Amino acid sequence: MIVWVNGAFGSGKSTLVDELHARWPEALVYDPEMVGYVLRGIVEVPTGDFQDLRLWRRQVASLAVALVEEYQRPVLVPMTLVNPGYVNEIFGALKDAGIAAHHFFLKVSEDVLVKRIDGRSFTPDDPAQDERVRKWCKSKIESCMTAVDTLPSDTVFLDGELSPRELADDVLARVGALTGKCPAPPERPRPGSIARPL
């Protein structure tokens, strides 16, 4: 199972995932930004946004699937993903692999997002870079807010201005983690075995 926590920069994705992980320790935390950082050290990113790299999208989906299949544990993913084509590409790959994906989106007002972004320090040793990152995050607010109408129909929208504990309660209940009813991962045929139809 994959629990994808989406939302604008400053919406509280990482904070919520930290809260979920503390209460659901068997889950793995997978941040697709790390894939972007690796790729940016290898190839050019013409637009400045590694999500525009087709290879990033392929690798993000591929690694998410591999984590679930290899470790048979739930995977928590904090990542802003609002481009409709990219959303369909990544979630389509997860679906094609037979992975159950729960998609949550944290809705937060623009004023609160700006306040949170201004209150964060991204690169404490480099104030100029810090300001560039803040400016970039703010420039994405509008596209994140307007994307709400284009997200998949099974997206669960949460009030991102609630406390992390309240949000975690809701997410854990919805995915069955509080009741022990989390769906089992799909069985994969062992090498040499014959897959039988259900």
- Which condition number does Cys137 fail, the rest of (1) more than 17 Å from His103 (Cα to Cα); (2) open to solvent by 40 Å² or more (accessible area, probe 1.4 Å); (3) modelled with pLDDT under 95 being met? (2)
- Task: Test Val68 against the stated conditions and say whether it is open to solvent by 40 Å² or more (accessible area, probe 1.4 Å) and more than 17 Å from Pro152 (Cα to Cα).
- Result: no
- Taking into account only those residues within the stretch 71-86 that are in contact with a helix residue (DSSP H, G or I) (Cβ under 8 Å, 6 or more places away or on another chain) and in a helix (DSSP H, G or I), which is most open to solvent (accessible area, probe 1.4 Å)? Pro84
- Give the stretch 109-136 a look and list any residue that's more than 22 Å from Asn6 (Cβ to Cβ) and either hydrophobic (A, V, I, L, M, F, W, C) or touching a residue at least 40 places away in the same chain (Cβ under 8 Å) (or both), or say none. Ala128
- Of these, Leu106, Leu151, Leu167, which one is in contact (Cβ under 8 Å) with a residue 60 or more places away in the chain, touching a His at 6+ places or on another chain (Cβ under 9 Å) and of a type outside the set (D, E, K, R)? Leu151
- Query: Only one of (1) within 14 Å of Ser11 (Cα to Cα); (2) of a type in the set (Asp, Glu); (3) at pLDDT 95 or above fails for Asp118. Which number is that?
  - Reply: (3)
- Is the stretch 107-123 home to any residue that is in contact with a strand residue (DSSP E or B) (Cβ under 8 Å, 6 or more places away or on another chain) and closer than 22 Å to Leu151 by Cβ? yes
- Message: Test of understanding: among Glu161, Glu142, which residue is at pLDDT 90 or above and outside any loop (DSSP other than H, G, I, E, B)?
- Response: Glu142
- Item | Scope the stretch 1-40; condition open to solvent by 70 Å² or more (accessible area, probe 1.4 Å) and assigned to a loop (DSSP other than H, G, I, E, B); matching residues | Pro25, Glu26
- Note on the structure: Per the filter on the stretch 47-56, residues modelled with pLDDT under 95 and either of a type in the set (S, T, N, Q) or open to solvent by 40 Å² or more (accessible area, probe 1.4 Å) (or both) are Thr47, Gly48
- Note on the structure: Of the residues in the stretch 155-168, those that are open to solvent by 20 Å² or more (accessible area, probe 1.4 Å) and within 15 Å of the chain's Cα centre (by Cα) come to Val156, Phe157
- Message: Based on this model, can you work out whether Ala173 counts as modelled with pLDDT of 95 or more, part of a helix (DSSP H, G or I), under 18 Å from Leu76 (Cβ atoms) and open to solvent by 50 Å² or more (accessible area, probe 1.4 Å)?
- Response: yes
- Item | Considering residues of the stretch 41-68 that are part of a helix (DSSP H, G or I) and charged (D, E, K, R) only, the residue farthest from Ile99 (Cα to Cα) | Asp52
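The values are calculated or read from the model by the stated rules, or taken from the named source; none is laboratory data. No experiment lies behind these values; they were computed from the predicted model shown. Virtual Cβ from ideal backbone geometry, glycine too; neighbours counted across all protein chains shown. Keep in mind that these areas ignore ligands, DNA and RNA; they rest on the heavy atoms of the full protein, side chains included. Shrake-Rupley method; radii C 1.70, N 1.55, O 1.52, S 1.80 Å.
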